[in-house]
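Asks: Okay, here's the structure, questions in a sec.
The values are calculated or read from the model by the stated rules, or taken from the named source; none is laboratory data. Quick caveat, the model's predicted, so the values are computed rather than measured. Cβ: placed from backbone, ideal geometry, glycine included. Neighbour counts: every protein chain shown. Note: areas computed on protein heavy atoms with side chains; ligands, DNA, RNA excluded. Shrake-Rupley method; radii C 1.70, N 1.55, O 1.52, S 1.80 Å.
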Amino acid sequence: MNLKKTLVSTLLASVLCLPASAATVGASDLIPRPTEFIRGKGSFTIPSGGFSYSIKSQAKENLSDYLSLFPELFSPADKTSKANLAIEIGKGSGETYTIDITPRRINVKAPSEAGAFYAIQSLIQLTGIKGATEIQTGKISDSPRFAHRGLMFDVSRHFRSVDFLKKQIDAMALMKLNKLHLHFTDAAGWRMEIEKYPRLTEFAAWRPQATWQDWADNGARYCEKNDPRASGGYYTKNELRDLIDYAAHRNITVIPEIEIPGHSKEVTSAYPELSCAGVPYTDEDLCIGKEATFKFIEDVLDEVIEVFPSAYIHIGGDEASKSGWRNCPDCQARMKSEGLKDVDELQSYAIHRVEKYLNSKGRDIIGWDEILEGGLAPNATVMSWRGTEGGITALKSGHKVVMTPGEFCYIDYTQDAAFKEPVSIGGFTPLKKAYSYEPVDSSLTSEEASNLMGLQANLWAEYIPTDAHAEYMYYPRAFAIAEIGWSTPEKNYDDFHRRALVLNARLDSLGYNTFDLANEYGERRESLTPVVNSAIGATVEYTTPYHSKYPAAGNSTLVDGIRGGWTYGDKRWQGFLGDFEAIVDLGENRTVHSVAATFMHAPGAWVHLPDNVTVEISTDGIEFTPVETLWSDVDPMYPKIMMKNFAVATDAKARYVKVKAKGHNRPGAWLFTDEIVINCP
């Protein structure tokens, strides 16, 4: 497959085979929505033979090279044919452009080639709409809101080919996304050729199981490249240079991520001397006390810099366990010599040191918001994923930030009703929720907000084994990220949904596997209507306290008549680590007919149904009589998200109703419940 021609060549076929009935398209059909459109009179007829173009450029010009890849759609005007697409490029910078659409010709003006490229993408979108024969006349004036509009590809958990990445780059360009973040390294596999450390790709890039889940379930061990069971892969430097060049011709910067100091099991297994224990499969973190660790990091970064021209190098910095550091003599000696009071400051020392090294090479670091812990490195840029708080803190401290909060921007979360969707890690982020995100917090001053570089969607691939599944998760939610990143803050979801259906159909016709937005099921039905029952407004006494991270509405949560949706993070589900026990006080003795409580199951997020649920009743709040114990009949590791209602019937008088749930014995397992429903006559 020639991916350089796939996107537009397929698009051309749809343009040349249009239905006889005319359809006029225009700026109001684009994603992202343009900054401004002044409507004209009449329309421009889309040429059946493609555009005849001319380019006037005051700078080094590469756009014609891009257009020449698709001669069926774009052909340069010659002396005998007059251009119906006139492109004028200045010698400035930025991504701004204008498109003046007249009945006879389309005029594109941009201060830079990047702007002209995006104007072309707008025309490609419009001419690719099914049934389009004409474009509404008028003037489009367009420019991006943010400089960073990105997608993250986790190629560690499941390796993706260069061809797959190129295909996604084409889709990104169509949406005016401009940053491709490659998560190269994690425990599941190392994916970039490093000549000084060949074991990273001879051993740490391969595993005996194809899927992350099977690998994790079977001890998370690696294997040699030549092992008949070997599954995985890595990118050679030449493959990456080709990918970077491909992206650059589409105005996309590829940002590499090399995880340090955590998520490094693949490194410490291939080179155990870089761990605290010095034994393979023992430490997830690199040893900060050893100089050999920093020699390794600097050597690796040297080879990364050799390949990647990006101003930023992502150094991870997230979720380091730090457990080995606490008892490691080398780490303790480092802490003493550097005057560090705890392991958070030890991590900060490492981040500072790596930043200083990259700065000396003319590069800047970007890292997940844990790099704030122990003091932020002076020139670091923060990628805020644990909510927005870390990003806001960094902005108020004068640091640059890319927002990527999990609630809105983690597209490994399921996007529709769990019962109809593929297995996911948990959570629920439908297109509407992703689109609702506003990156600029109201607490920020204009000066603080000026350091907000933009936003990014992340697709972590633990439960995304295939390319088709990955595309299904990206599209259409990437459309929302594109529009939030490019367009002004005003939003109309109904209009966006209409345009998303059009662009989804466009990608489908180009061979992408997209989510079926037209047949979206939507939110959990039970959460849309209050449940009327006798417990509403009652007093609840918690024997086991709910966790501070998931309090929902506090003590009233389980008796407010409001059920939760498809995710435990929607502030309706109340979370417990371990067991659950609560007593509902009905205020007076009443005849109780039934008692029920619903629990959530999402094992990818360590959320499990209780092993059993017991209901007890009492008239005095002291002596309780058991009614019934119900046992879960669901496999604790059943991979999909689900809810189970545990309900018991009785016909006894009681004022106090106790509900007890025995948590699953998996270490760190959570219980989530949304409502205790009690029915009395």
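Asks: For the chain, find the longest principal axis of its Cα atoms and tell me its angle to the long axis of helix 477-486, 0 to 90°, nearest 10.
Replies: Here the helix axis deviates by roughly 60 degrees.
Asks: Right, another one. ³J(HN,Hα) across the range 546-560 via Karplus (A = 6.51, B = -1.76, C = 1.60, θ = phi - 60°), whole Hz, x for Gly/Pro?
Replies: After applying 6.51 cos²θ - 1.76 cosθ + 1.60, I find 6, 6, 5, 6, 9, x, 6, 9, x, 5, 8, 3, 7, 9, 9 Hz.
Asks: Do the alpha carbons of any pairs in K41/K179; K166/K265; K432/K658 sit beyond 31 Å of each other, and which pairs?
Replies: On the way: K41/K179 37 Å; K166/K265 29 Å; K432/K658 38 Å.
Correct reply: K41/K179; K432/K658.
Asks: Within the chain, what percent of beta bridges assigned by DSSP are antiparallel, to the nearest 5? Present the calculation step by step, with values, prior to reporting the outcome.
Replies: Numbers: 64 of 113 bridges.
Of those bridges, close to 55 percent are antiparallel.
Asks: What list of whole percents do you get for P(r) of the range 82-124, with Cα-Cα distances grouped in 10 Å bins up to the one holding the largest distance?
Replies: That works out to 34, 53, 13, in percent per bin.
Asks: Measuring from centroid to centroid over Cα atoms, what is the spacing of the range 571-606 and the range 374-423 in Å?
Replies: 31
Asks: Further, regarding this structure: Per residue, how many Å² of accessible area does the range 153-222 show with a 1.4 Å probe? Numbers along the way, then the final one.
Replies: On the way: 1850 Å² over 70 residues.
Each residue of the range 153-222 exposes 26 Å² on average to a 1.4 Å probe.
Asks: Right, next: Dividing the convex hull volume of the Cα atoms of the chain by its residue count, what figure in Å³ per residue is obtained? Numbers along the way, then the final one.
Replies: Numbers: hull volume 124.6 nm³, N = 681.
Per residue, the Cα convex hull of the chain comes to 183 Å³.
Asks: Helix 329-338 sits at what angle to the longest principal axis of the chain, using alpha carbons and giving 0 to 90 degrees rounded to 10?
Replies: That works out to roughly 70 degrees.
Asks: So what is the orientation-averaged projected area of the range 281-432, using the convex hull of its C-alpha atoms, in nm²? All intermediate terms of the calculation are to be shown ahead of the outcome.
Replies: Working: hull surface 46.7 nm².
Projected over every direction and averaged, the Cα hull of the range 281-432 covers 11.7 nm².
Asks: So if I take the centroid of the Cα atoms in the range 497-551 and the same for the range 443-489, what is the distance between those two points in Å?
Replies: Each part's Cα centre sits 19 Å from the other's.
Asks: Let me ask you something else. With a Förster radius of 45 Å, plug the Cβ-Cβ distance of A292 and E541 into 1/(1 + (r/R0)^6) and report the FRET value to the nearest 0.05. Each step should come with its number before you reach the end.
Replies: Working: r = 56 Å, r/R0 = 1.24.
E(calc), rounded to 0.05, equals 0.20.
Asks: At each listed q (0.11, 0.16, 0.23, 0.25 Å⁻¹), what is the log10 of I(q)/I(0) that the Debye formula gives for the range 468-541 modelled as equal alpha-carbon point scatterers?
Replies: Those come out to -0.46, -0.70, -1.12, -1.23, one per q.
Asks: How long, wide and thick is the range 433-503, going by the Cα atoms along their three principal axes, in whole angstroms, largest first?
Replies: Cα extents, longest axis first: 43, 30, 16 Å.
Asks: Defining a contact as two alpha carbons under 8 Å apart and six or more residues distant in sequence, what relative contact order in percent does the range 444-533 show? If you can, show how the numbers build up before the last one.
Replies: On the way: 39 pairs, mean separation 28.1, N = 90.
The value is 31 percent.
Asks: Rounded, prolate or oblate, given the Cα gyration tensor of the range 384-542, with a/c below 1.5 counting as rounded?
Replies: On the way: a/c = 1.66, a/b = 1.05, b/c = 1.59.
In terms of gyration-tensor shape, oblate.
Asks: Now for a different question. Counting other Cβ atoms within 10 Å, keep those with at most 16, restrict to DSSP loop, and tell me which trypsin sites (Lys or Arg not before Pro) in the range 120-172 are left. Walk me through the numbers before you get to the answer.
Replies: Numbers: sites: K130, K139, R145, R149, R157, R160, K166, K167; in loops: K130, R145, R157, R160.
Here the sparse-neighbourhood loop sites are K130.
Asks: Ok, one more. Which shape class applies to the range 235-290: rounded if a/c is under 1.5, otherwise prolate when a/b exceeds b/c and oblate if not, where a ≥ b ≥ c are the square roots of the Cα gyration tensor eigenvalues? Walk me through the numbers on the way to the answer.
Replies: On the way: a/c = 4.45, a/b = 2.92, b/c = 1.53.
It is prolate, given that a/c is not under 1.5 and a/b is the larger ratio.
Asks: Find the accessible area per residue for the range 397-474; the probe is 1.4 Å, ligands and nucleic acids are left out, and the unit is Å². Intermediate values should be presented prior to the final figure.
Replies: Details: 2460 Å² over 78 residues.
Spelled out: the 1.4 Å probe surface of the range 397-474, per residue, equals 32 Å².
Asks: Is the range 571-681 best put as rounded, prolate or oblate by its Cα gyration tensor, with a ≥ b ≥ c the root eigenvalues, rounded for a/c under 1.5, and otherwise prolate when a/b is larger than b/c, oblate when not? Mind showing how you got there, number by number?
Replies: Details: a/c = 2.26, a/b = 2.16, b/c = 1.04.
Because a/c hits 1.5 or more and a/b exceeds b/c, the range 571-681 counts as prolate.
Asks: Which whole-number value in Å² is the accessible area per residue of the range 576-623, probe 1.4 Å?
Replies: Accessible area per residue: 33 Å².
Asks: Determine the sum of side-chain charges near Y281: Lys and Arg each +1, Asp and Glu each -1, restricted to other residues whose C-beta is under 12 angstrom from that of Y281. Before the final figure, lay out the partial values.
Replies: Numbers: positive: R221, K265; negative: E266, D283, E284.
Net local charge, Y281 excluded: -1.
Asks: May I ask you to compute the full-extension gain from D163 to E224, defined as 0.36 nm times their residue separation minus their alpha-carbon distance, rounded to one decimal in nm? Walk me through the numbers on the way to the answer.
Replies: Numbers: separation 61, 0.36 × 61 = 21.96 nm, distance 2.48 nm.
Stretched out fully, the D163 to E224 stretch lengthens by 19.5 nm.
Asks: Compute the relative contact order of the range 494-617 as a whole-number percentage, counting only Cα pairs closer than 8 Å that sit 6 or more residues apart in sequence.
Replies: Values: 128 pairs, mean separation 26.7, N = 124.
Once normalised by length, the contact order is 22 percent.
Asks: Here is a further query. Taking a probe of 1.4 angstrom, what is the accessible area of H469 in Å², to the nearest 10?
Replies: 30
Asks: Continuing with the same structure: In whole Å, how far is the Cα centre of the range 642-676 from that of the range 217-274?
Replies: Cα centroid to Cα centroid, the span is 44 Å.
Asks: Additional query: Of all the accessible heavy-atom surface of the chain, with the other protein chains kept in place and a 1.4 Å probe, what percent is carbon and sulfur?
Replies: On the way: 13490 of 26520 Å².
Carbon and sulfur atoms account for 51 percent of the accessible area of the chain.
Asks: Also, I was wondering about something else. Considering just Cα atoms, how many Å³ per residue does the convex hull of the range 169-304 enclose?
Replies: Working: hull volume 15.9 nm³, N = 136.
Each residue corresponds to 117 Å³ of Cα convex hull volume.
Asks: Express the relative contact order of the chain as a whole percentage, based on alpha carbon pairs under 8 Å and six or more residues apart in sequence. Each step should come with its number before you reach the end.
Replies: Values: 1560 pairs, mean separation 69.7, N = 681.
Relative CO of the chain lands at 10 percent.
Asks: Okay, moving on. Between D635 and E447, how many nm apart are label points set 7 Å from Cα along the C-beta direction?
Replies: In this crude spin-label approximation the distance works out to 5.9 nm.
Asks: To the nearest 500 deg cm²/dmol, what mean residue ellipticity at 222 nm is calculated for the chain from DSSP H runs of n ≥ 4 alone, each contributing -39,500 (n - 2.57), summed and divided by the residues? Each step should come with its number before you reach the end.
Replies: Working: 19 runs with 181 residues, N = 681.
Counting only the DSSP helices, I get -7500 deg cm²/dmol.
Asks: Related question: With a cap of 13 neighbouring Cβ atoms within 10 Å, and only residues DSSP puts in a loop, list the chymotrypsin sites (Phe, Trp or Tyr not before Pro) found in the range 587-681.
Replies: On the way: sites: F599, W606, F624, W631, F646, Y656, W670, F672; in loops: W606, F624.
The qualifying sites: there are none.
Asks: Grab the beta carbon distance between K549 and S397, set R0 = 25 Å, and tell me the FRET efficiency rounded to 0.05.
Replies: Details: r = 24 Å, r/R0 = 0.97.
In this case the efficiency is close to 0.55.
Asks: A further question follows. Given all pairs of different Cα atoms, what value in angstroms does the Kirkwood hydrodynamic radius of the range 350-452 take? Walk me through the numbers on the way to the answer.
Replies: Values: mean 1/r = 0.0663 Å⁻¹.
One decimal place: 15.1 Å for the Kirkwood radius.
Asks: Name the trypsin sites (Lys or Arg not before Pro) in the range 497-578 that are in a loop by DSSP and that have at most 16 other C-beta atoms within 10 Å, would you? Can you show the working numbers first?
Replies: Numbers: sites: R498, R499, R506, R524, R525, K549, R563, K571, R572; in loops: R524, K549, R563, K571, R572.
Answer in residue order: K549, K571.
Asks: If you don't mind, there's one more thing I want to ask. Expressed as an acute angle from 0 to 90° and rounded to the nearest 10, what is the orientation of the C-alpha long axis of helix 237-248 relative to the principal long axis of the chain?
Replies: It is inclined by approximately 70 degrees.
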